[in-house]
Amino acid sequence: LAGLIVYLGMMVGAVLLGGLADKLGRKQCLIISLAINAAFAFLSSFVQGYGFFLFCRLISGLGIGGTLPIVFAYFSEFLSREKRGEHLSWLCMFWMIGGIYASAMAWSIIPHYGWGFSMGTKYHFHSWRVFVLVCALPCIASLVALKFMPESPRFLLEIGKHDEAWMILKQVHDTNMRAKGEPERVFTVSYIKTPKQVDEFIEIQSSTGTWYQRWLVRITTTLKQVWDNVLYCLTAQYRMNTLMLAVVWFTMALSYYGLIVWFPDMIRYFQDEAYESRVKIFDEEEVSHFTFNFTLENQIHRNGEYRKDKFIGMKFKEVRFEDSLFEECYFEDVRSSETFFENCTIISTVFYNTDLYEHKFINCRLINSTFMEEKEGCHIDFEEDNDFLIYLVSFLGSLSVLPGNIISALLMDKIGRIKMIGGSMLISAVCCFFLFFGNSESAMIGWQCLFCGASIAAWNALDVITVELYPTDKRATAFGILNGLCKFGAILGNSIFSSFVGITKVVPILLASSALVGGGLLALRLPETREQVLM
C-alpha cells in the first residue's frame, strides 16, 4: 500500500501539474512539483501515524508525477532536431541513476537499526526514516539548481514574451558558438511567432472584485484551460495518435511495473520456502527451572510443558508454540518476530516488558497470568539473514538498464523512435517467456536484469516520441495524461501480479508477454518523428 499510494499520487500529479505547465510555464510548475515532493517526503520521514505517513507519501507522489511530464517538455524545447532523441535518452538515464542511488542508500542505511533514536515511548526514528530523508536530498538539490535555470524559450514565445525568449536564445547561441570556437558569430532572428490574444473578458473579470474573487476567477479559468487542453488531445487531429500512445504506455507500464514488483516477491517466496524447509520441530519436550537467555529461531514446539522457566533478555524469531503448557514462568525483556502461541494453556505466568501482545496468543487459556509494562512502538533491531538479497536485486535491476540506456541514446536518431519501441517491447516479451525456467533466486535475478535491460529502450523512445507528437502549448498536458495512464497501469500491474506469488507463474508471465507483444505491434503504426521539427 505504501508503494501503490505513491503511484496514485503520481497519476494525479502528472495530469494536473503537466496541464498547468502549459499555462503557467515549465520552470514555475517544475519548481512547484519539486517543492511538493521535497516537503512531503521530508515530512513523511518524521510522522509517526501510519495514516498520516500514507497521506504524506500520496502528496509526495503528486509532486513526483508532476515533474516527469514537465522535465521532458522543458528539456526538449532547448534541443535541436538532429540531437533531440539522443539527448532526451541521456536524460532518461538519470531515472536509472536515481534508482541506483535509492537502492544503494537502502542497502547501506536500512539494515543499520542502531542509527535511529527514541524520545520516550511514543516517538521513534528508525533507520528506514533516515533512508526516506536521504532520498529527498537530490530533490532539494534540484530545486536549488532550478532557480538558476531559464524558462523555456518556446513557452515564452507561445505566450508572447518575445524579448525574454530572444535573450534566452541569444544566451544559448553565444554559449554554443564559444564552444565551437566561433565567438564572433552574431545571433539573428528571421521570424517571430505571432502571440495568441488573451481572452479580454477573463482579464476584465480578474482585475475587478475582491482579492479572493480575482483568485477564484484565475484558478477556475486556468483549470478550464487545462481541461480544454486535455480535450484538445482527443480532437480529430491528435485522437488516433493519443489513443495508440495511451495503449502503448498502458501495456508497457502494466507489464514492467507488475514484473518489477513480482521479481522481489518471487525471490522472497523462494527464500521463505527454503527457510521453512529448515524448521526444527520439538515434540512433547519437558523443561523446568531453566533460563532461556538466547535467541530461538525457526522452531515449532508442540505439546511441550514448561514449568518455572525464565525467558529473559531474549528474542523469538519465527517461533510457534502449539498445544503447550506454561506454568509459573517468567518472561522479561522479550522481543519477538512472527512468533505465536496457539491453543496453549498459560498458568500463573508473568510477562514484564515484552512485545508478546494479545494477538500473538491464538485460542489460548490464560489463568492468573499478568502482563506488565508492555513494550510500545517498534523494537525490532535484527534483520533477516537474506534481507541483503532484496537490496541487491533492486540495485542490480537499476544497474542492468545501463547498456540499454547507452544503446538507445546512440541509436535513437539513427534507427528512429518507432523501431526502437517495437523492437524493445518484442524482445522484452521474449525475455518474459524464459521466466518459466526461473526456479531459483539466482535465475530470477538474472532474468530480471535481462528484462529491465531490454525494456529500457522502449521507455526512452516512448518519452521522446510523446514530446515530439504534440505542439508546445499542449506538450506537457499530453505527456501528463499519458504518464498518468501509465501510473494507472502500474497500480494494476502491482496489484494483479503480486496476488499470484506462490500460486502460479503462468498468469503473470502470459499477461506481461501478451501486453508487450500487443503494445509493441501497435507502436509500429505510430508516425515516425525523427525528422520532425518541434511544433
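The values are calculated or read from the model by the stated rules, or taken from the named source; none is laboratory data. For clarity, every value in this text was computed on a predicted model and none was experimentally measured. Every residue, glycine as well, gets a Cβ built from its backbone with ideal geometry; the counts of neighbours run over all protein chains shown. For the accessible areas, the whole protein counts, side chains as well, though only heavy atoms, and no ligand, DNA or RNA atoms are used. Shrake-Rupley method; radii C 1.70, N 1.55, O 1.52, S 1.80 Å.
Per-structure values
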| quantity | calculated |
| --- | --- |
| Check on residue 467, in contact with a Lys or Arg (Cβ under 9 Å, 6 or more places away or on another chain) and buried (at least 22 other Cβ atoms within 10 Å of the Cβ) | yes |
| Residue match in the stretch 214-236 (condition: in a loop (DSSP other than H, G, I, E, B), at pLDDT 80 or above and surrounded by 14 or more Cβ atoms within 10 Å (Cβ to Cβ)) | no |
| Some residue of the stretch 44-56 being β-branched (Val, Ile, Thr) and open to solvent by 20 Å² or more (accessible area, probe 1.4 Å) | no |
| The stretch 136-151, subset in contact with a Gly (Cβ under 9 Å, 6 or more places away or on another chain) and farther than 21 Å from residue 171 by Cα, residue surrounded by the most Cβ atoms within 10 Å (Cβ to Cβ) | 139 |
| Residue 18 being closer than 25 Å to residue 492 by Cβ and either of a type in the set (Ser, Thr, Tyr) or modelled with pLDDT under 90 (or both) | yes |
| Test: residue in the stretch 65-87 that is open to solvent by 20 Å² or more (accessible area, probe 1.4 Å) and in contact with a His (Cβ under 6 Å, 6 or more places away or on another chain) | yes |
| Residues located in the stretch 346-357, provided they are open to solvent by less than 30 Å² (accessible area, probe 1.4 Å) and not aromatic (Phe, Trp, Tyr) | 346, 349, 354, 355, 356 |
| Every residue from the stretch 314-345 that is open to solvent by 40 Å² or more (accessible area, probe 1.4 Å) and under 16 Å from residue 288 (Cα atoms) | 327, 328, 330 |
| So residue 426, is it farther than 20 Å from residue 501 by Cβ, open to solvent by 50 Å² or more (accessible area, probe 1.4 Å), in contact with an Asp or Glu (Cβ under 8 Å, 6 or more places away or on another chain) and hydrophobic (A, V, I, L, M, F, W, C) | no |
| Hey, residue 451 more than 13 Å from residue 249 (Cα to Cα) and either open to solvent by 40 Å² or more (accessible area, probe 1.4 Å) or in a helix (DSSP H, G or I) (or both) or not | yes |
| Test: residue in the stretch 453-474 that is closer than 14 Å to residue 400 by Cβ, in contact (Cβ under 8 Å) with a residue 24 or more places away in the chain and either among the hydroxyl-bearing types (Ser, Thr, Tyr) or in contact with a His (Cβ under 8 Å, 6 or more places away or on another chain) (or both) | yes |
| Options 250, 263, 282, 290; residue that is aromatic (Phe, Trp, Tyr) and open to solvent by 80 Å² or more (accessible area, probe 1.4 Å) | 290 |
| Options 501, 533, 506: the member that is in contact with a Lys or Arg (Cβ under 7 Å, 6 or more places away or on another chain), among the aliphatic types (A, V, I, L, M), modelled with pLDDT under 85 and surrounded by fewer than 18 Cβ atoms within 10 Å (Cβ to Cβ) | 533 |
| Cross-chain or 6+ apart pairs with Cβ under 8 Å, the stretch 415-428 first and in contact (Cβ under 8 Å) with a residue 60 or more places away in the chain, then open to solvent by 30 Å² or more (accessible area, probe 1.4 Å) and acidic (Asp, Glu) | 416/528; 417/528; 418/528 |
| Failed item in (1) out of contact with any Cys (no Cβ under 9 Å at 6 or more places or on another chain); (2) open to solvent by less than 30 Å² (accessible area, probe 1.4 Å), with residue 257 passing the rest | (1) |
| Single residue of 153, 111 found to be of a type outside the set (D, E, K, R) and in contact with a Leu (Cβ under 6 Å, 6 or more places away or on another chain) | 153 |
| Positions within the stretch 67-85 being in a helix (DSSP H, G or I) and free of Cβ contacts under 8 Å to residues at least 60 places away in the same chain, in sequence order | 67, 71, 75 |
| Of residues in the stretch 428-448 being in a helix (DSSP H, G or I), polar (S, T, N, Q) and out of contact with any Leu (no Cβ under 6 Å at 6 or more places or on another chain), the one nearest to residue 522 (Cα to Cα) | 448 |
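Condition check ((1) modelled with pLDDT of 85 or more; (2) closer than 29 Å to residue 70 by Cα; (3) over 25 Å from the mean Cα position of the chain (by Cα)) across all residues:
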| position | (1), (2), (3) |
| --- | --- |
| 428 | yes, yes, no |
| 437 | no, no, yes |
| 441 | no, no, no |
| 456 | yes, yes, no |
| 510 | yes, no, no |
| 524 | yes, yes, yes |
| 528 | no, yes, yes |
